[in-house]
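Written below as structure tokens is the structure these notes are about.
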Amino acid sequence: MTLPTTQTSLTVKQLYDRESCTYSYLLIDPSTREAAIIDPVRELFERDMQLINELGLELLYTIETHAHADHVTSSGKIRQNTGARIVFGEASGIPAIDIAIKDGESLPLGHFSIRAIATPGHTSACTSFFADGRLFTGDTLLIRGCGRTDFQEGDPATLYDSITKKLFTLSDETIVYPGHDYNGQTSSTIGEEKKWNPRLGNSRSKESFVDLMNNLNLDMPKKINEAVPANISVGINYDPKRYLQHEFTMNDLHQVWQKLPENCLIMDNRTPEEFAKGHVPGSLNIPLGSENDNIGKINTYDKVYIYCRSGRRAQTTFTNLSFQGMEHLYCVSHSGMPDWIKAGYEVES
Ligand SMILES: [Fe+2]
């Protein structure tokens, strides 16, 4: 009996970040030693580089499924060290990358190719990648779950279409490798998810999915105010203090308000009804969801301070606007109007 001497399939190494539960993947053509890495994590740069060097790989690409909110990428550093090209979905509009890949385009990797599938919904620029029967879904499709849709231009109806009309049309045997798993699972298949995914498997309707996603009420990721802006610059030259200085309390806001410099805006992003009942005097009501229509106006101010009731909506707006390159924002992130009232500060209604 002779044993096979050549390996004909793509090698995939699944790498894990304990802190953010992120999976990174190293894709290798075993015969040419050409490789690509998907979603590498900044803190694990040394581990990944050591592995790449030990295996004698030529790293061609460092691929991002999207601009992550929960960890900072090492793509920029990997590019500096290996010459690998940074790949992002075309819709990301991120300037620091090398390849803005379009839906359906492929990256050659030795005898294989990595095909991009635009899967917006978790973020507007999310891209999944398919190579040799394996599907790397980022946060679009998770094992028995899916990415959230409540920030970074997320949209549940779009996510539903991306998963059901694009990913679920791949063969049932396709292996699903997600960007995260919080329960210790490592992979799934399209067939399994079609049947068992509780969010949208078993032919769940779009309406029911949208309703479910709009009522998850999740907390914001711990690192969002740092990670999203840093990832837009592919993880290099980032200064955490520059982003963390934007975290404000209602007391800080009060100090600013007392001597509000000219051309600064205090923005209340609650609903018009909440705003009418009482707000910070002189603040402007730009309800959550309408900030994109007001970008021109927001950009005319030197500084913009955002608050809401609890900090959740303010953070969402902060992230949405930061994602579009704004750096003059300050966000009241863990308190809001009730704390202003409790402190006895002046209220306008
Ligand atoms: Fe994500």
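Annotations
- All of (1) part of a helix (DSSP H, G or I); (2) in contact (Cβ under 8 Å) with a residue 40 or more places away in the chain hold for residue 266 with one exception: (1).
- Picking from residues in segment 196-209 that are touching a Phe, Trp or Tyr at 6+ places or on another chain (Cβ under 7 Å) and away from the ligand (no atom under 16 Å from the Cβ), the one that is most open to solvent (accessible area, probe 1.4 Å) is 206.
- Listed here are the helices (runs of 4 or more DSSP H) enclosed by segment 272-346 that have at least 2 residues being modelled with pLDDT of 85 or more: 272-277, 295-298, 337-342.
Residue-wise test of (1) under 15 Å from residue 253 (Cβ atoms); (2) in contact (Cβ under 8 Å) with a residue 40 or more places away in the chain; (3) touching a Cys at 6+ places or on another chain (Cβ under 9 Å).
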site: 277; (1), (2), (3): no, yes, no
site: 282; (1), (2), (3): yes, yes, no
site: 290; (1), (2), (3): no, no, no
site: 293; (1), (2), (3): no, no, no
site: 300; (1), (2), (3): no, no, no
site: 303; (1), (2), (3): yes, yes, yes
site: 307; (1), (2), (3): yes, yes, yes
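- Criterion: crowded, with 19+ Cβ neighbours inside 10 Å, at pLDDT below 95 and not charged (D, E, K, R) - qualifying residue of 168, 151: 151
- Restricting segment 66-102 to residues that are polar (S, T, N, Q) and over 14 Å from residue 227 (Cβ atoms), the residue that is nearest to the ligand (Cβ to nearest atom): 92
The values are calculated or read from the model by the stated rules, or taken from the named source; none is laboratory data. All values reported here derive from a predicted model rather than from experimental measurement. Cβ coordinates were reconstructed from backbone atoms using ideal geometry, including for glycine residues, and neighbour counts include every protein chain displayed. When the accessible area is computed, the model is the full protein with side chains, heavy atoms only, and any ligands, DNA or RNA have been set aside. Shrake-Rupley method; radii C 1.70, N 1.55, O 1.52, S 1.80 Å.
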